[in-house]
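**Student:** The structure that follows is given in the form of structure tokens.
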Amino acid sequence: MSERQLIRNATVFDSATGKLRPRCQIVIEAARIVAVGDEPMQVDDVARVIDAAGRVVLPGLIDAHVHVVASSHDLSGLALQPPSLVTAHSGQILRDMLQRGFTTVRDAAGADFGLQEAVERGLFEGPRLFIAGFPVSQTGGHADMRPKGVRQREFFCSCAGLGLIGAIADGVGEVRRAVREQVRNGANQIKIMAGGGVSSPTDPLEGTQFSVEELRAACEEAEAANLYAMAHAYSPRAVTRAVQAGVRSIEHGNLIDEATARVMKSHGAWLVPTLSTYVALADEGEKLGWSKAMLDKLKTVHERGIDSLKIARAEGVPIVFGTDLLGHMHARQSGEFLLRLGAMSPVEVLQSATIEAARLMRQEGQIGEIVPGAWADLLVLEGDPTRDLSMLADGGVGLRLVMKSGHVYRDTLPSPGAMSSTQSA
Ligand SMILES: [Zn+2]
């Protein structure tokens, strides 16, 4: 039986140019796009025809900063849960992300090769998953979740080994070993903690983490395995050191200034802001029992979030879509599209969640673009997303079809019978 599918009368969003191409046909063979064009083409032996009826077709969306194992905002509690339960929750988080139109996600630590394989084998419905394994952190760094006074090096003795547990490493030798362990376990990118964080109990937000030699060692080991490092960092100092050491993407980056953005630009680094998590925590942090110190840190980064996008954009630093949500707050993932409109145009936001994310992840031609050879990750929407992104918000209210690797996971297009009356030529 033919595995060929045809989407006709599509208005294709060309993520490279940011322009819409009306009246296109997209030919899909098994999991890949094989042809795209606005010229009439003869396509034989088609198993399925999808009439987009002039609607916009977007490449599947990419969220470049998620934690699919973060089923709870309580990261210490999460580390004590049995792996079976964490995995079950992750399955649901992955399914919901795919339903919102995210066909690829880059996990910023937590997910392992088991989850990745569960998606690949079709055991879990979810986006294609790029994993980092454990985040590499110094003692007392952002992924060291031990409260003050705890002396055991391995605080989390739980059976799980899932959750957001850091690989604690001090000194060049330990850092190399920690990175190599992630590589050994199939990491697609290496996550390092290069500065203070909001959710960690003992580190100052504006501080730097790891010595320059340690940062270099981490990047060197990542590059040795043909991978790259992504670094958690907020302050100008932390961002500058990380980028100069060879880090490819700065995660969050809320406190950057113009000079720091220029350093990022000159080193070819990307910025992955995650605005929605600060909005979510500003709304809910107190209710969730966060400490005063954590809420104070949150206030600082929340206020500076949108400014960091404006600064990066003005200096020409490429910006990629990320969210960094935890627990029930994952439901806010699509809200990120609207938050970014304070600093970017709708087209720029779409590019940040498609082609720019693909460039950062070294996946150009595979994802984030509707071109022959790419995975058949496609969304059909109501409305014009180059003017207005509200159809993507609220969990993707205006999403009519979600396809990943040629397989349809959501379809609320009018049925073929009903469609004939509204169909254009
Ligand atoms: Zn994160």
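The values are calculated or read from the model by the stated rules, or taken from the named source; none is laboratory data. Since the model is a prediction, treat every value here as computed from it, not as a measurement. Heads up, the Cβs are rebuilt from the backbone with ideal geometry, glycines too, and the neighbour counts pull from every protein chain shown. Quick note on the areas: whole protein, heavy atoms, side chains included, nothing else; ligands and nucleic acids left out. Shrake-Rupley method; radii C 1.70, N 1.55, O 1.52, S 1.80 Å.
**Student:** Looking at residue 217, is it modelled with pLDDT of 95 or more and touching a Pro at 6+ places or on another chain (Cβ under 9 Å)?
**Tutor:** no
**Student:** I'd like the full set of residues that are farther than 23 Å from residue 387 by Cα, surrounded by fewer than 20 Cβ atoms within 10 Å (Cβ to Cβ) and in contact with a Lys or Arg (Cβ under 8 Å, 6 or more places away or on another chain), limited to the range 5-33.
**Tutor:** If the condition is that a residue be farther than 23 Å from residue 387 by Cα, surrounded by fewer than 20 Cβ atoms within 10 Å (Cβ to Cβ) and in contact with a Lys or Arg (Cβ under 8 Å, 6 or more places away or on another chain), then 6, 29 are the ones that fit.
**Student:** Mind checking whether some residue in the range 241-252 is surrounded by fewer than 23 Cβ atoms within 10 Å (Cβ to Cβ), touching a Cys at 6+ places or on another chain (Cβ under 6 Å) and farther than 22 Å from residue 324 by Cβ?
**Tutor:** yes
**Student:** Quick one: which residue in 70, 64, 53 is aliphatic (A, V, I, L, M) and surrounded by fewer than 20 Cβ atoms within 10 Å (Cβ to Cβ)?
**Tutor:** Exactly one of 70, 64, 53 is aliphatic (A, V, I, L, M) and surrounded by fewer than 20 Cβ atoms within 10 Å (Cβ to Cβ), namely 53.
**Student:** If you don't mind, there's one more thing I want to ask. Within the range 167-176, is there a residue that is at negative phi, in contact with a Leu (Cβ under 7 Å, 6 or more places away or on another chain) and not hydroxyl-bearing (Ser, Thr, Tyr)?
**Tutor:** So far as the range 167-176 goes, no, none of its residues is at negative phi, in contact with a Leu (Cβ under 7 Å, 6 or more places away or on another chain) and not hydroxyl-bearing (Ser, Thr, Tyr).
**Student:** Next question. Mind checking which strands (runs of 3 or more DSSP E) fall wholly inside the range 324-425 and carry at least 1 residues that are under 23 Å from residue 19 (Cα atoms) and without any contact (Cβ under 8 Å) to a residue 12 or more places away in the chain?
**Tutor:** Per the criteria, no element qualifies.
**Student:** Follow-up question, since we're still on this one. Mind listing whichever residues of the range 229-248 are assigned to a helix (DSSP H, G or I) and either within 16 Å of the ligand (Cβ to nearest atom) or touching a Phe, Trp or Tyr at 6+ places or on another chain (Cβ under 7 Å) (or both)?
**Tutor:** Hits for the range 229-248 are 238, 239, 242.
**Student:** Looking only at strands (runs of 3 or more DSSP E) that lie completely in the range 30-131, which have at least 1 residues being under 19 Å from the mean Cα position of the chain (by Cα) and within 16 Å of the ligand (Cβ to nearest atom)?
**Tutor:** 61-66, 102-107, 128-130
**Student:** Quick check, is residue 362 out of contact with any His (no Cβ under 7 Å at 6 or more places or on another chain) and either of a type in the set (Phe, Trp, Tyr) or within 16 Å of the ligand (Cβ to nearest atom) (or both)?
**Tutor:** Criteria not met by residue 362.
**Student:** For the range 89-114, which residues satisfy the criterion of being open to solvent by 10 Å² or more (accessible area, probe 1.4 Å) and under 23 Å from residue 165 (Cβ atoms)?
**Tutor:** 89, 92, 93, 112, 113, 114
**Student:** Please state which of the following conditions residue 374 fails to meet, knowing it meets all the rest: (1) on the phi < 0 side of the Ramachandran plot; (2) touching a Ser or Thr at 6+ places or on another chain (Cβ under 8 Å); (3) crowded, with 22+ Cβ neighbours inside 10 Å.
**Tutor:** Condition (2) is where residue 374 drops out.
**Student:** A further question follows. Name every residue in the range 97-116 that is of a type outside the set (S, T, N, Q) and over 16 Å from residue 337 (Cβ atoms), in order of residue number.
**Tutor:** 98, 106, 107, 108, 109, 110, 111, 112, 113, 114, 115
**Student:** On to the next question. I'd like to verify a number: residues in the range 260-286 that are free of Cβ contacts under 8 Å to residues at least 24 places away in the same chain, assigned to a helix (DSSP H, G or I) and either within 15 Å of the ligand (Cβ to nearest atom) or within 19 Å of residue 300 (Cβ to Cβ) (or both), how many?
**Tutor:** Residues in the range 260-286 being free of Cβ contacts under 8 Å to residues at least 24 places away in the same chain, assigned to a helix (DSSP H, G or I) and either within 15 Å of the ligand (Cβ to nearest atom) or within 19 Å of residue 300 (Cβ to Cβ) (or both): 2 in total.
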